[in-house]
1. Classify the range B:2-63 from the C-alpha gyration tensor, please: rounded if a/c falls under 1.5, else prolate or oblate depending on whether a/b exceeds b/c.
2. Identify the residue of chain A whose Cβ lies closest to the rotation axis that maps chain A onto chain B, and give that distance in whole Å.
3. Could you check the simple spin-label distance between A:ARG117 and B:PHE33, using points 7 Å along Cα→Cβ, in nm with one decimal?
4. Once label points are set 7 Å from the Cα along Cα→Cβ at both B:LEU22 and B:ALA108, what is their separation, rounded to one decimal in nm?
5. Which GluC sites (Glu not before Pro) does the range A:1-64 hold that lie in a coil by DSSP with at most 13 other beta carbons within 10 Å?
6. I need the inter-copy label distances for A:PHE33: point set 7 Å along Cα to C-beta, values in nm with one decimal, smallest first.
7. Give the shape of the range B:5-119 as rounded, prolate or oblate, defined through the alpha-carbon gyration tensor: a ≥ b ≥ c are the square roots of its eigenvalues, a/c under 1.5 means rounded, and otherwise the shape is prolate if a/b is larger than b/c and oblate if not.
8. Residues with beta-carbon under 12 Å from that of B:ILE10, excluding B:ILE10: net charge, scoring Lys, Arg +1 and Asp, Glu -1?
Protein chains: 2
Amino acid sequence: MHSSPASLPITYREKTRHADILSVGQIVSSSGFFSEAEVEVAVQLVEESLIQGSERSGYHFLFAELCDEVAGYTCYGPIPFTESSYDLYWIAVQDRFRGHGLGRDLLARTERLIAARQGRRVYVETSSREQYRPTRKFYEACGYRLEAVLQQFYSPHDDKMIYLKRLDAPV
Amino acid sequence: MHSSPASLPITYREKTRHADILSVGQIVSSSGFFSEAEVEVAVQLVEESLIQGSERSGYHFLFAELCDEVAGYTCYGPIPFTESSYDLYWIAVQDRFRGHGLGRDLLARTERLIAARQGRRVYVETSSREQYRPTRKFYEACGYRLEAVLQQFYSPHDDKMIYLKRLDAPV
């Protein structure tokens, strides 16, 4: 078993700060999974939240800080025109802080924040590519189930996998 | 059979104009299908296209004009981080111009524009509600097939239906 993040001096923060623009860019880049254009989008969501506020922009954040540094974060928000469905737009942990259950902890806390906002369904999208197998396993281990597949969505050999976790499901 | 739009003096236009803000608002409202918030989003996409240009905003339009009036339109665009997938964001025909095949004509022309941009897959989302049965029938009649269903996505009795038309499919 990985060590629990409970043993680490982690603090959590929801409010975005200007410095998060840099932190998010670094964290998302550090995974090596995302293209420059994707990193740019991740950063834009922070900017939108800073400019408009999280309620108006629809982009909410949860930052996990370790030794005054952002070690990981999630970005999520209500899906427009749905009653209580949420999208998890991003979840990322700084490369060197991996393997301590920080991602799992961030996701569980994010789900509690969504539930507190009366959110009942959390959707997350990923790719069918081999590279994303650990990502898919992570979501499955966190109680997400595959809800739909859009074949060849990204490219001829790359499907979109849509995972769902019902927060109101009986345990 | 409905009369062909070929018999009507329709002109087509791709470039957005300032007056389209009002036209799109009216057209989308005229259907009676959409909430005020949804109408606002339809109008915002026109504004984005006017401010940033269609390439930069990612929102492309096709307007069908009859007697110097916008009778219907589509809004579509490439889906970010996909090789050749497009979203059809909006298709709407002014209420009093319905029943002449204008929607079908607009959709076919939009698909040709997407194909000309090397788009290979067109996705469109709608609701499972009874009210949208004619919408679903319309897409099916235009060669779209149901690709995925996200159950209870909009609300407990309202699923998201994702339709797909492959533009590269053998006829």
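Readers should treat all values here as calculations from the given coordinates under stated rules, not as data from a laboratory. Quick caveat, the model's predicted, so the values are computed rather than measured. Ideal geometry is used to build each Cβ from the backbone, glycine not excepted, and the neighbour counts take in all protein chains shown.
1. Oblate, since a/c reaches 1.5 and b/c is not below a/b.
2. Per the Cβ-to-axis criterion, the result reads A:ALA148, 2.
3. 2.8 nm
4. 3.2 nm
5. A:GLU14
6. 3.6
7. oblate
8. Value of the local net charge: -2.
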